[in-house]
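Chemist: Below you'll find the structure I mean.
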Amino acid sequence: MHDDKEEEEGSHDHFSVDDKRFMRVALAAAQEAYDTDEVPVGCAFVSNGVVLATAGNETNHTRNATRHAELVATDKIYDKYKSCDAIRHSTLYVTVEPCVMCAAALHILGI
């Protein structure tokens, strides 16, 4: 017999300390979205151990269905760096699997 708790804890052993840390950043962005009556999705783009941008969904507040966390964060990166190159060389941590729209946009951006 095995303990479900042990299996659950052991199932995350393949994630690095950094993966866990940056996922907590994405989860914090999701919590912020939830706290402001948004769909609780959050993400963080990370490059070389540096968080480039975090975001939560903004669809309710903007009444714009394209303002998913991933796209809000890519806009923040573009605004800061005036280029999408930083996005191409980053890792995305997101609290749910990206939808088809976001997955397509991320693919075009090189993620």
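The values are calculated or read from the model by the stated rules, or taken from the named source; none is laboratory data. Note that the coordinates shown come from a computational prediction; the quantities given were computed from them, not determined experimentally. Glycine also receives a Cβ, built like all others from the backbone with ideal geometry; neighbour counts cover every protein chain displayed.
Chemist: Looking at (1) of a type in the set (D, E, K, R); (2) closer than 21 Å to Ala33 by Cα; (3) in contact with a Leu (Cβ under 7 Å, 6 or more places away or on another chain), which is the one condition that is false for Glu97?
Modeler: Failing condition for Glu97: (3).
Chemist: Right, Glu38: touching a residue at least 12 places away in the same chain (Cβ under 8 Å), in contact with a Pro (Cβ under 7 Å, 6 or more places away or on another chain) and of a type outside the set (A, V, I, L, M, F, W, C) or not? Give the derivation first.
Modeler: Values: touching a residue at least 12 places away in the same chain (Cβ under 8 Å): yes; in contact with a Pro (Cβ under 7 Å, 6 or more places away or on another chain): no; of a type outside the set (A, V, I, L, M, F, W, C): yes.
Against the criterion (touching a residue at least 12 places away in the same chain (Cβ under 8 Å), in contact with a Pro (Cβ under 7 Å, 6 or more places away or on another chain) and of a type outside the set (A, V, I, L, M, F, W, C)), Glu38 does not qualify.
Chemist: For the range 69-88, which positions are of a type in the set (Ser, Thr, Tyr) and either on the phi > 0 side of the Ramachandran plot or surrounded by 13 or more Cβ atoms within 10 Å (Cβ to Cβ) (or both)?
Modeler: Those that are of a type in the set (Ser, Thr, Tyr) and either on the phi > 0 side of the Ramachandran plot or surrounded by 13 or more Cβ atoms within 10 Å (Cβ to Cβ) (or both): Thr74, Tyr78, Tyr81.
Chemist: Then there is this: Kindly indicate whether Glu58 is touching a helix residue (DSSP H, G or I) at 6+ places or on another chain (Cβ under 7 Å) and at pLDDT 95 or above.
Modeler: So Glu58 fits the description; yes.
Chemist: Report those helices (runs of 4 or more DSSP H) wholly inside the range 21-111 carrying at least 2 residues which are among the aromatic types (Phe, Trp, Tyr). Even if it seems obvious, please write down each step before you answer.
Modeler: On the way: elements: 59-62, 69-81, 85-88, 100-109.
Where helices (runs of 4 or more DSSP H) fall fully within the range 21-111 and carry at least 2 residues being among the aromatic types (Phe, Trp, Tyr), they are 69-81.
Chemist: Okay, moving on. Suppose we filter Thr95, Thr36, Thr66, Thr91 for residues that are surrounded by 16 or more Cβ atoms within 10 Å (Cβ to Cβ) and modelled with pLDDT of 95 or more; which single one remains?
Modeler: Sole residue among the options that is surrounded by 16 or more Cβ atoms within 10 Å (Cβ to Cβ) and modelled with pLDDT of 95 or more: Thr95.
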